[in-house]
Structures are given as C-alpha cells and as structure tokens.
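A quick write-up on the structure given underneath.
The values are calculated or read from the model by the stated rules, or taken from the named source; none is laboratory data. Model, not experiment: these values are computed from the prediction. Using ideal geometry, Cβ is built from the backbone for each residue, glycine included, and neighbour counts are taken over all protein chains shown. All accessible areas refer to the heavy atoms of the entire protein, side chains included, with ligands and DNA or RNA removed. Shrake-Rupley method; radii C 1.70, N 1.55, O 1.52, S 1.80 Å.
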Amino acid sequence: HSSFLLNMNGKMVLVDPVFGPSAAPFNFMVKRYQKPAIALKDLPKIDFVLISHDHYDHLDIESISFFEDKNTVFFTPLGVGSHLRSWGIGENRITELDWWEDAKVGELEFILTPAKHFSGRVGFDRNKTLWGSWVLKSEKQSFFFSGDTGYGDHFKEIGEKYGPFDLTFMENGQYNPMWTSVHMLPADAIKAQKDLKSIKLVPMHWG
C-alpha cells in the first residue's frame, strides 16, 4: 500500500518495496489481498531504494534480499540500515540519515524529513530506529513521500523548506480516530497537501 516506482532524471527509484506474501514475521499473518502489480524479477534496473521505517508493511526482507547481488543504493532513516546489513546488503550501499539531513547523488538530492510515527519489528525494539518522510529533488522536479505519519506542524515546515512539490504520495485513510497521532484520515491528508504546497497528490496506505 506504500510501494512506488519512480523514474526521475532517468534514475529508477523504488520506495518502501513490499513484494512479499505478507506484512508480518510469518507468512500466514497479515496476508496480501492481491498480488503485486509487477514481480520483483520483472522490475527495471533499480538505482535507488528509499525506506521510510522498519515496520513489516514498509520493510520486507524478501524484497530487500532480492537486491543483495545488485548495485542498488539504499537510503534509510538512522538505524534501519542494521536490518539491511543483516540481510546481505553491503555497508557501502547503505546511507542512513537523520531528519533534515540530505545526500546528493549526481543530479538527485535525497532528504529525510520528519514524520509522526514510531518503529519496531519485535516487541522489545520499539523506537530503536528512526522513521521519516522523504523529499526527492532534481533541478526541475520535486517529490514528497509521507511514509506513515499523523498530521502535524512538520508538513508546514517541510513545505516552507522544500516546497512547492510537483507530486506527493500521501497516506490518507487509516480509518480509526484512535490512530491520529500516527496515521492520517482523509481530511488530514488534504491539510498536509496544502501545507506542503503540492500540485498533485497520489493517495496511499488507505483501505
């Protein structure tokens, strides 16, 4: 529900790839509703992978391990690289960033920006790694990916620093008012879109 493939300046960027059969430690839990739109083996050559946080529905071992013998470069929030290294991704292919830090590769700039969420894959590692949203910029284009987040002032700050955006991928439909500190309802997504000064919105993580 949050995996996207982008072509920016001729570079292929894969965001939060989850191609596995479930979003849980075991395949019989939290199963997919339908097959991925494309199989991992049928993807074009991927130059970069962006990860927003380490929850199972955003960080999938099967999808990451596919790139073990590739030259794909990974960008993650602080601490998330530890998972990738344990799954066979070389240290020299992983860049971990704190909020507001950036990395430039050729014509592309990758910036980790804040989000209101949390992290953890097992019961005792909650918030041991960072989470975030992503800004991806080139000379002529700008893109924002919200990751998982509740609504907050961070959207306005991101919009002021890096907006306006040509396109945002925004989580928008976690339908439980009890979750608004870590997820957004549709009205929140619209407010965030305005704060970001974004032209177009693609809704994600909804259902």
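Figures for the structure shown
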quantity	calculated
Computed helical MRE - 222 nm, the chain, DSSP H runs ≥ 4 contributing -39500 (n - 2.57), nearest 500	-4000 deg cm²/dmol
Gaussian network model of the chain, Cα within-10 Å springs - most flexible of Ala24, Ala192, Ala37	Ala37
Solvent-accessible area of Lys11 with every protein chain in place, 1.4 Å probe, in Å² to the nearest 10	90
At 1.567 mPa s and 4 °C, Stokes diffusion of the range 136-207 via Kirkwood alpha-carbon radius, µm² per second	108
Carbon/sulfur fraction of accessible area - the chain, other protein chains in place, 1.4 Å, %	55
Residue-level accessible surface for Val73, protein heavy atoms, 1.4 Å, Å²	40
Hits among lysines - C-alpha to C-alpha of Lys197 under 27 Å, sequence gap 8 or more where chains match	Lys11, Lys104, Lys116, Lys137, Lys140, Lys156, Lys161
Area of Asp153 that stays accessible when all protein chains are in place (1.4 Å probe, Å², to 10)	140
Beta bridges per DSSP with both ends in the chain, % antiparallel, nearest 5	50
Rg [Å, one decimal], Dmax [Å, integer] - the range 59-204, C-alpha atoms	15.7, 43
The range 112-207: GluC sites (Glu not before Pro) falling in loop per DSSP and having at most 15 other Cβ within 10 Å	Glu139
Exposure rank, largest accessible area first [Phe118, Phe145; 1.4 Å]	Phe118, Phe145
Inverse of mean 1/r across different Cα pairs in the range 52-118, Kirkwood, Å	12.6
Accessible area in the full protein assembly, largest first, 1.4 Å probe, for Val30, Val15	Val30, Val15
Of the chymotrypsin sites (Phe, Trp or Tyr not before Pro) in the range 160-207, those whose Cβ has at most 13 other Cβ within 10 Å and which sit in DSSP loop	Tyr175
Euclidean distance between Cα centres, the range 163-196 to the range 78-92, Å	29
